[in-house]
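Novice: Mind having a look at this structure? Questions to follow.
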Amino acid sequence: MISSLRGMNDILSDDYERFTYFIEIATNVAKRYGFHFIETPLLEETALFKRSVGESSDIVGKEMYQFIDKGENDVCLRPEGTAGVVRAFVQKKLDRAGGLHRFFYHGAMFRYERPQKGRLRQFHQFGVESFGEASVHEDATMIMMVSDILKTLGIGYRLQLNSLGDENCMPQYRTSLIKFIESMEDKICEDCQRRKTTNPIRVLDCKNQACQEMYKNAPKLVDNLCDGCSNDFTKLKKILENNEILYEIDTNLVRGLDYYSKTAFEFVSDNIGSQSAIAGGGRYDKLVEFLDGRATPAVGFAIGIERLMELIIMPENTRNGYYIGAMDTEAIDIVVELAQKKRKTEKTVIDYKVKNLQNHLKAADKVNAKYCAVIGSHEMKNKTVWIKNLEDKTEQIVEVKNF
C-alpha cells in the first residue's frame with residue numbers, strides 16, 4: 001500500500017466540514033472588510049523567499065522544499081503566502097498604480113520540518129495583505145479582522161502585541177542587543193550564535209527554553225522606539241482599547257520572518273499545546289522595495305488553518321435539501337431527471353440502487369436531507385412523487401410535473 005508522505009495529511013469527513021466552514025467564515029469576514037481574493041502559484045523562484053523571508057530565518061535556512069527543475073531554475077514550494085502576493089503586486093505594476101490594494105487568499109504551504117501536533121509539512125493558511133495604507137488604523141483593522149474571524153468560529157484567544165521599530169530606531173537597539181548577546185555568548189545555543197551576525201533581533205524568537213530565560217533580561221524593543229514608532233504603538237493600543245480588543249504586550253515578540261517592522265502581533269490559544277500561535281502578522285513597509293517595487297506601506301496576517309481545526313465550534317447541523325430514491329428499477333431514470341431539475345435550486349442527493357421505503361428514509365437521514373422523495377411502481381403509474389419532511393414528519397404526494 002502506498003501511504004501519504006509524512007507530514008502531509010488528507011482532509012476528509014468531519015475535518016473537511018470544519019475546513020470548508022473555516023474558509024467560508026474567513027472569506028465572508030474579509031469581504032465585509034473590503035478585501036478581494038488573489039491566487040498565487042504554489043511554486044516560485046527560491047530567490048523570492050531568500051530576499052523576502054530572509055536568509056537568517058529557519059524557513060530559508062532549514063525548511064524549504066527547494067530543487068532545481070528541468071530548466072535549471074532554482075525553485076521551491078511556497079513556505080508562506082506574503083512573498084508571493086507581494087511579487088504579484090509588483091509584477092502587475094500595482095505598486096505604480098497608487099491607491100489601496102487589499103487581498104485575501106487561502107491555500108497550501110510547504111515546510112520541511114519535524115511533523116507534530118499543529119505543525120505539518122503541507123499545511124494551509126488563510127492570509128490577508130493590504131498595500132498602500134501607512135496609517136496605524138490599518139494595523140488595527142488587521143487585528144480586528146482576525147478577532148472577528150476567531151469570535152465567529154467560537155475560538156478563544158490571547159492577543160500578544162509588540163513594536164519592532166523602523167530604520168530610525170532599530171540600529172540603536174541592534175547595537176544594545178548585540179552587546180547583551182556577546183555578554184553571554186558562551187551560554188546561548190548554536191542558532192543564536194549564528195543569528196547574532198545575520199539578524200540579531202531573531203535571537204528573541206529562539207525556541208530554546210534556556211535561551212528564552214536569558215532573553216527575559218535583554219534590552220526591550222519598546223524601550224528603544226523613536227518618537228514616530230512610539231506614537232504609532234501608543235495609538236494602536238488606544239484603537240484596540242476603544243474597540244474592546246484585549247491585548248498583552250510581549251516585548252520579545254519578533255515573529256519568525258525578517259520582513260516585519262513596526263507592528264507585530266500574534267493570536268495564541270492555550271488549548272492546542274506547545275504550538276500555541278494560531279494567527280500572526282504585522283507591518284512590512286520595506287518588502288515591496290526589497291522585491292524591486294516602489295516604496296509601498298503594507299501590513300497583513302496569516303492564520304494556520306490546521307491549528308484551528310479542533311477548536312472550531314461548528315453550527316448546529318440543520319437539515320437541508322433533498323434525497324431522491326427509486327423503489328422500482330424503471331423509476332431510476334425519472335429519479336435522475338428530477339434530481340437534475342431540483343439541483344438548480346436545492347442541494348440534492350440521489351441513490352441509483354432500488355431500495356424499500358425504510359432504507360431510503362435511513363439513507364436520507366444519513367445525508368442530513370430535509371426531504372426524502374421516492375418513486376415506486378405506484379407513483380410511476382400515477383405520475384407522482386411521495387415526499388416526507390424529515391424535520392416535522394409530514395408527508396405529501398405531488399405530481400411529477402410540479403416537483
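The values are calculated or read from the model by the stated rules, or taken from the named source; none is laboratory data. Keep in mind the model is a prediction, meaning the values are calculated, not measured. Neighbour counts run over all protein chains shown; Cβ positions are idealised from the backbone, glycine included. These area figures cover heavy atoms from the full protein model, side chains too; ligands, DNA and RNA do not enter into them. Shrake-Rupley method; radii C 1.70, N 1.55, O 1.52, S 1.80 Å.
Novice: List every residue pair whose Cβ atoms lie under 9 Å apart, where the two residues are 6 or more positions apart in sequence or sit on different chains, the first residue falls within the stretch 327-355 and is assigned to a helix (DSSP H, G or I), and the second residue, located anywhere, is open to solvent by 90 Å² or more (accessible area, probe 1.4 Å).
Specialist: Ile332/Tyr352; Ile332/Lys353; Val335/Tyr352; Val336/Tyr352
Novice: For the stretch 44-51, check the following and say yes or no: at least one residue is open to solvent by 30 Å² or more (accessible area, probe 1.4 Å), out of contact with any strand residue (DSSP E or B) (no Cβ under 6 Å at 6 or more places or on another chain) and within 26 Å of Val146 (Cβ to Cβ).
Specialist: no
Listed here are the residues, each with its yes/no results for (1) part of a helix (DSSP H, G or I); (2) under 22 Å from the mean Cα position of the chain (by Cα); (3) crowded, with 16+ Cβ neighbours inside 10 Å.
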position	(1), (2), (3)
Thr20	yes, yes, no
Ile23	yes, yes, no
Val29	yes, yes, yes
Glu72	no, no, no
Cys76	no, yes, yes
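Novice: If you scan the stretch 362-403, which residues turn out to be open to solvent by less than 40 Å² (accessible area, probe 1.4 Å) and small (Gly, Ala, Ser)?
Specialist: Ala363, Ala364, Ala369, Ala373, Gly376
Novice: Could you tell me which residue of the stretch 221-248 is least open to solvent (accessible area, probe 1.4 Å), considering only residues that are within 24 Å of Tyr157 (Cβ to Cβ) and free of Cβ contacts under 8 Å to residues at least 40 places away in the same chain?
Specialist: Thr234
Novice: Here is a follow-up. Kindly evaluate Thr40 against the criterion of being open to solvent by less than 60 Å² (accessible area, probe 1.4 Å), over 24 Å from Thr198 (Cα atoms) and modelled with pLDDT of 95 or more.
Specialist: So Thr40 fits the description; yes.
Novice: Continuing with the same structure: If you scan the stretch 161-180, which residues turn out to be touching a Phe, Trp or Tyr at 6+ places or on another chain (Cβ under 9 Å) and surrounded by 20 or more Cβ atoms within 10 Å (Cβ to Cβ)?
Specialist: Within the stretch 161-180, Leu161, Asn162, Ser163, Leu164, Gly165 qualify.
Novice: What residue, among those in the stretch 308-333 that are closer than 18 Å to Lys388 by Cα and of a type in the set (Val, Ile, Thr), is most open to solvent (accessible area, probe 1.4 Å)?
Specialist: Thr318
Novice: Here's a follow-up. Can you tell me how many residues in the stretch 195-218 are loosely packed, with under 15 Cβ neighbours inside 10 Å and part of a helix (DSSP H, G or I)?
Specialist: Summing the residues that are loosely packed, with under 15 Cβ neighbours inside 10 Å and part of a helix (DSSP H, G or I) in the stretch 195-218 gives 6.
Novice: Quick one: would you say Ala369 is closer than 23 Å to Thr318 by Cβ, touching a Phe, Trp or Tyr at 6+ places or on another chain (Cβ under 8 Å) and in a helix (DSSP H, G or I)?
Specialist: Taking the combined requirement at face value, the residue does not satisfy it.
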